[in-house]
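What follows is one structure encoded as structure tokens, with my remarks underneath.
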Amino acid sequence: SSPPSGDAGEDAGELDFSALLKKREKKQVEVKEEVDVWEILKAAKPCDYEKIAFEYGITDLRGMLKRLKKMKKVEPKKSDAFLRKLDSAYSVDKGKKIQLSVEVADPNAPIKWLKNGQEIKPSAKYVFESVGNKRDTHDNKCNLSDDAAYECVAGEEKSFTEVFVKPPVTITKLLDDVHTVVGERVEFEVEVSEEGANVKWMKDGVELTRDMAGSKYRFKKDGKRHILIINEATKEDIGMYHVFTNGGESKAELEVEDKELQVLQSIADLTVKSTEQAVFKCEVSDEKVTGKWFKDGVEVRPSDRVKMTHVGRTHKLTIDDVKPSDAGDYTFVPDGYALSLSAKLNFLDPPKIHLDTSGASSKNVITVVAGNKLRLDVEISGEPAPTVCWMRGDKVVSEAEGRVRVETRKTLSSFVIEGAMKEDEGAYSLTVTNPAGEDKAELFVKIVDVPNPPENVKCTSVGEDCATVTWDPPAFDGGVPIKGYLMERKKVGSSRWTKLNFDVYESTTYEAKKMIEGVLYEMRVYAVNGIGVSQPSANSKPFMPIAPTSEPIRLTVEDVTDTTCTLKWRPPEKVGAGGINGYILEYCKEWVQANQDLVERTQYKVKDLPVGEKMLFRVVAINIAGRSPPNKRSRLLSHTEHPKIRLPRHLRTKLLVVVGEKVNLVIPFQGKPRPVATWFKDGAPLEDRSVGTRTSEVDTILFIRSAERSHSGTYTLSVQIENMLDSADIRIQVIDKPGPPTDVQITEVWGLNVSLEWKLPKDDGNCEIIGYTIEKSDMKTREWFTTYEHNRRPSCTVSDLVIGNEYSFRVFSENICGLSDEAGVSRNTAVISKTGLAYNPLPFKEKDVSSSPKFTAPLVDRSVVAGYATAISCAVRGHPKPKIIWMKNSMVIGEDPKYLMQNKQGVLTLNIRKPCLFDSGRYSCRAVNDLGQDEVECKVEVRGREQHLRGGSTRGGGGASLGDSGGQKYSP
């Protein structure tokens, strides 16, 4: 609502309502109603404007009249007398001042003021002013009779206006004070003298509008009645309310009080045990009242355990499976009332000791290393807080300061042992009590420590570089099982101990290695458990590594009687620093020591043996380190001795026998009872009837009456007694004189010299050829003279021959049996010609040089660049001259003009003109004559120029050069 209208003359023309209306049109004001009002205003008389404004609720009549004036405005004629005319209309409240003003063109021109056509004269009511061109008239206090048409006349011209005088709006029914409670509806009502009048509402000096925050206020018009409505009163609405009209005002006071609500049943304190249900319940007088529940000032939210209900006038809060965290102050607050209902939930929880008892034993064993601090924190629960008592046996552990003490806080009880000692070990108990019950826990404190050192460390045996050390476990293991041991050793006289192991060793027997023979050592041992390492043991007595010898070898039976057996053996291969003190011989069924005193010799005769028994014998060597191992193969004696062949020395190598000679081999053997002798030849039983054998108790004979070459081979004698066996091999080679050399020929004659060559004899007599004897014969005398004996090579040069003689030569081959019976005679003779004498040569006999083709230079693989001429070459010999055939990929090239074939003195060339990529392939050259043929082949690879430019091989260029050398040139 706008304030009451002031002086029309002061505000006329200052506001542009047309622009404001345009903006309102954009906000989609109901245009139809506005257009209708304008139509009514246009058609109405000026005296009816106020009435229309009230009827249609127009709040700013002055602005609308200004707009109406613009709408009615017709283009005015240009005025000569007036610089500024009167506005078309003025509106003013009754009793207010009215001022009409114009400006004239001529400051000296006289003007007249007319009211409804009657001239107005200056008086107390009307005051005229003239300042320069400006002419004013004032009516300081207008009344309803001043509602009229006014004119200003200057010469022939007039300026016209309408003045509307609004009657004052008075309040006919005043406001009443209002007293209410929170949330109720409040209405302030006033009645005014005019229908449709505007009023202004204020609270505590602040104007109330529809646009105030939250639109708390509503304004209602009903004819002359104006109502201010507050939907839900709050304490903030308390105050003085004013209503204003242009003719009066009224005021009233609003008082707001809190609602009153009767509590029919309040909530009560609860004491609940764990997992039980807690129910808070209250009843109020109004069943429509809602409310909220709070715990310790925080609103309670529903969950799986917490439920809130409102049935009629009763409100309930139910908590299932109560937990300690549910304890606290609970409050119910009804909505809209300054009222709250409170009660406590006390949680009653039996005492509980929260100790991990997951172990299999009913006793909770706590292990502490001696000297360490034990602090056992035990969580205690229970409501109210329980009383805690620690006991050892029947004695209470005090909470006072001390080495063994208890420290207690609200939910934690701590059992402390400072510097644990063995006497602290034992059973302890913890008891907690409160009104809801009791809980008890049993504990066992175990004190553990590093073990005692091992005892009785000693060396039980020694070797060449090793020793065996044993010890006893510690008397006390520290309360924890022994994991193993750590060993150290040192040389006697040294202070430096050497660790022998880093990982614990579990056994109590240890073999120390890598020691020096003949040096004194000491050992000590540490014990290790889960807590740590013990002190070292006492040192062992000094000990010295000395090795027994290796086993004696080659134990043999030398002689046997019914009750004695003489044995021989060889000393051990490995003796060492301890030397050998002597030997002990043992025999068995169960091993019996044969000699009480050591035997220093390597031979001993065992006496008083049981007759007819099978006996095993073994021998050991003795020195300061003890017994050696026994010999590896014990000797078995059954009545007598193991079979043994006594092979004569001359039969241990190959036996050479000349064909026709007699063979008679006597091979003695030993063994009792009589061994069975068997002969083999080349691994198969001997079945040749021309070879005889005969066996006695002590030897066997192999004889051949007349040796043949076929008798050569390896003869094996095997002698066996039960499962005991001995064998010997005799290799016999039957030899004969060799055959003569073959193909003896004179290869060259020069001056007084002749060169001879021959080939090996076809039969070497079954043994190696050791040389040749060369003899010469003059064709005149026909007598043979020895030139060379024992010539090793199958060739020789004979010198110092006689000029003019013709010689023939013969050659004998020789092995260890002697010279061959026949000689190889040269196929041709050598003539030693005289110098300067006429020589009548024999008719020339052309040498036969015929030969099959043979390539002496092969074709070589080539890699060439396309477009550059290339060539491939090879060389061939053969008589008669072979025919040459060139082929590519096994196809004959023929008369292809791309190729040029040349043959110069057996050098063959194939030129390829401007090869392309398709000329790659396998090229071969075949040479053929009547005696045979030969062929060579190569690969030719032709590469593109681009490939060549990218860095390919440059061998193609070389091919082009070879092609040029062949004598053939091509123009590209």
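Only one of Glu464, Glu488 is in a loop (DSSP other than H, G, I, E, B), more than 25 Å from Gly371 (Cα to Cα) and assigned by the TED database to the domain that holds Asn539. Can you tell me which?
Sole residue among the options that is in a loop (DSSP other than H, G, I, E, B), more than 25 Å from Gly371 (Cα to Cα) and assigned by the TED database to the domain that holds Asn539: Glu464.
In region 902-917, what residues are touching a strand residue (DSSP E or B) at 6+ places or on another chain (Cβ under 8 Å) and open to solvent by 80 Å² or more (accessible area, probe 1.4 Å)? Step through it out loud before you land on a result.
Narrowing region 902-917 to residues touching a strand residue (DSSP E or B) at 6+ places or on another chain (Cβ under 8 Å): 902-903, 906-913, 915-917.
Residues satisfying the conditions are Arg913, Leu917.
Does region 853-873 include one or more residues that are out of contact with any Cys (no Cβ under 7 Å at 6 or more places or on another chain), at pLDDT 90 or above, under 24 Å from Leu931 (Cβ atoms) and open to solvent by less than 10 Å² (accessible area, probe 1.4 Å)?
Yes: region 853-873 contains one or more residues that are out of contact with any Cys (no Cβ under 7 Å at 6 or more places or on another chain), at pLDDT 90 or above, under 24 Å from Leu931 (Cβ atoms) and open to solvent by less than 10 Å² (accessible area, probe 1.4 Å).
How about region 102-150: which of its residues are in a strand (DSSP E or B), open to solvent by less than 80 Å² (accessible area, probe 1.4 Å), touching a residue at least 40 places away in the same chain (Cβ under 8 Å) and not hydrophobic (A, V, I, L, M, F, W, C)?
His138, Asp139, Tyr150
Here are some conditions: (1) open to solvent by 80 Å² or more (accessible area, probe 1.4 Å); (2) part of a strand (DSSP E or B); (3) at pLDDT below 90; (4) not aromatic (Phe, Trp, Tyr). Lys281 meets all but one. Which one does it not meet?
It fails just one condition, (3).
Of all residues in region 801-828 being farther than 30 Å from Leu655 by Cα, of a type in the set (A, V, I, L, M, F, W, C) and surrounded by 14 or more Cβ atoms within 10 Å (Cβ to Cβ), which is modelled with the lowest pLDDT?
First, pick out the residues of region 801-828 that are farther than 30 Å from Leu655 by Cα: 801-810, 824-828.
When the remaining residues are screened for being of a type in the set (A, V, I, L, M, F, W, C), the result is 801-803, 809, 825.
Remaining after also requiring surrounded by 14 or more Cβ atoms within 10 Å (Cβ to Cβ): 801, 809, 825.
Details: Leu801: 88, Phe809: 93, Val825: 91.
Result: Leu801.
Starting from residues that are in a strand (DSSP E or B) and exposed (fewer than 12 other Cβ atoms within 10 Å of the Cβ), keep the ones in region 378-395 and report whichever is modelled with the highest pLDDT.
Glu379
Consider Lys513 against the criteria (1) under 45 Å from the mean Cα position of the chain (by Cα); (2) surrounded by fewer than 17 Cβ atoms within 10 Å (Cβ to Cβ); (3) under 22 Å from Asn452 (Cβ atoms); (4) not small (Gly, Ala, Ser): it satisfies all of them except one. Which criterion is unmet?
For Lys513, the exception is condition (3).
Met308 passes all but one of (1) modelled with pLDDT under 85; (2) in contact with a Pro (Cβ under 9 Å, 6 or more places away or on another chain); which number fails?
(1)
Of all the residues that make up region 86-101, how many are assigned to a loop (DSSP other than H, G, I, E, B) and within 23 Å of Val153 (Cβ to Cβ)? It would help to see each step written out before you state the result.
Taking region 86-101 first, the residues assigned to a loop (DSSP other than H, G, I, E, B) are 86-88, 94-97.
Right, trim to within 23 Å of Val153 (Cβ to Cβ) and you get 86-88.
The total comes to 3.
As an exercise: evaluate Gly297 against (1) exposed (fewer than 13 other Cβ atoms within 10 Å of the Cβ); (2) at pLDDT 90 or above; (3) under 29 Å from Pro435 (Cβ atoms) and give the number of the one condition it does not meet.
Of the numbered conditions (1) exposed (fewer than 13 other Cβ atoms within 10 Å of the Cβ); (2) at pLDDT 90 or above; (3) under 29 Å from Pro435 (Cβ atoms), the odd one out for Gly297 is (2).
Does Gly878 qualify as being free of Cβ contacts under 8 Å to residues at least 60 places away in the same chain, over 28 Å from Trp750 (Cα atoms) and either surrounded by 16 or more Cβ atoms within 10 Å (Cβ to Cβ) or out of contact with any strand residue (DSSP E or B) (no Cβ under 9 Å at 6 or more places or on another chain) (or both)?
yes
Any idea which residue in region 460-486 is most open to solvent (accessible area, probe 1.4 Å), counting only those that are among the aliphatic types (A, V, I, L, M) and more than 30 Å from Val575 (Cβ to Cβ)? Let's see the steps before the verdict.
Initially, region 460-486 is screened for residues among the aliphatic types (A, V, I, L, M), giving 462, 467, 469, 475, 480, 482, 486.
Now narrow it down to the ones that are more than 30 Å from Val575 (Cβ to Cβ): 475, 480, 482, 486.
Working: Ala475: 83, Val480: 29, Ile482: 55, Leu486: 37 Å².
It comes out as Ala475.
Open to solvent by 20 Å² or more (accessible area, probe 1.4 Å), among the basic types (Lys, Arg) and in a loop (DSSP other than H, G, I, E, B) - does that describe any residue in region 322-334?
Yes, region 322-334 contains a residue that is open to solvent by 20 Å² or more (accessible area, probe 1.4 Å), among the basic types (Lys, Arg) and in a loop (DSSP other than H, G, I, E, B).
Take region 431-459 and flag every residue that is within 28 Å of Thr387 (Cβ to Cβ), of a type in the set (Asp, Glu) and either free of Cβ contacts under 8 Å to residues at least 40 places away in the same chain or surrounded by fewer than 16 Cβ atoms within 10 Å (Cβ to Cβ) (or both).
Glu438, Glu442
Could you please tell me which pairs satisfy a Cβ distance under 7 Å, a separation of 6+ or placement on different chains, a first residue in region 769-781 that is small (Gly, Ala, Ser), and a second residue that is not in a loop (DSSP other than H, G, I, E, B)?
Going by the 7 Å Cβ cut-off, the qualifying pairs are Gly771/His790; Gly771/Asn791; Gly771/Glu814; Ser777/Trp784; Ser777/Tyr807; Ser777/Ser808.
Can you find a residue in region 401-414 that is more than 19 Å from Val480 (Cβ to Cβ), open to solvent by 20 Å² or more (accessible area, probe 1.4 Å) and in contact with a Leu (Cβ under 7 Å, 6 or more places away or on another chain)?
no
Checking the condition crowded, with 19+ Cβ neighbours inside 10 Å and closer than 28 Å to Glu661 by Cα, which residue from Leu717, Leu686, Leu760 passes?
Exactly one residue qualifies, and that residue is Leu717.
Quick one: count up the residues across region 790-836 that are of a type in the set (Val, Ile, Thr) and assigned to a strand (DSSP E or B).
Count: 5.
Where in region 528-616 are there strands (runs of 3 or more DSSP E), lying fully within it, with 3 or more residues that are buried (at least 18 other Cβ atoms within 10 Å of the Cβ)?
553-560, 565-570, 582-588
Tell me which residues, restricted to region 891-908, are of a type outside the set (Phe, Trp, Tyr), closer than 19 Å to Val864 by Cα and in contact with a Leu (Cβ under 8 Å, 6 or more places away or on another chain).
Hits for region 891-908 are Leu900, Met901.
The values are calculated or read from the model by the stated rules, or taken from the named source; none is laboratory data. Keep in mind that what you see is a predicted model, and the values were worked out from it rather than measured. All Cβ positions, even for glycine, are placed from backbone atoms using ideal geometry, and neighbour counts span all protein chains on display. For accessibility, only protein heavy atoms count, side chains too; no ligands or nucleic acids. Shrake-Rupley method; radii C 1.70, N 1.55, O 1.52, S 1.80 Å.
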